[in-house]
Amino acid sequence: MTNVKPNDTTSTAHRWGIILSGGNGTRLRDLVYRRRADYLPKQYLNFVGKRSMLEHTLHRAEKLIPAQKLLVVIAKEHLQYGAERAGSGIRVHPLRR
């Protein structure tokens, strides 16, 4: 693994990131329901601190890749959960498998 400095413009100029966030979190569904009394996909739940798992992932990725070069792929039904944090980088997956 190479030593990459956070947001080093010379090494990140051609780098893009893709965050796949379209799953429904069925394996953790019972845990999520006990915490919220609701079925929320796990990536939108805050297990640690005030940010969701997706927000934590975006924060880590933005240390290496500029935010405008990050794409977040979500399921259409997830638009209601506040995925707008990803800004213009949201791409809606046409269908779940």
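Any read-out appearing in this document is the output of simple, stated calculations on the displayed coordinates, not a laboratory observation. Please read all numbers here as calculations on a predicted model, not as lab measurements.
Would you mind estimating how fast region 9-93 diffuses translationally, via Stokes-Einstein at 37 °C and 0.692 mPa s with the Kirkwood radius over Cα pairs, in µm²/s?
Values: Rh = 13.6 Å.
Answer, rounded: 242 µm²/s.
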The answer for Arg91, listing residues at least 5 apart or on another chain whose modeled amide H is closer than 5 Å to its amide H, is Val72, Val73, Ile74
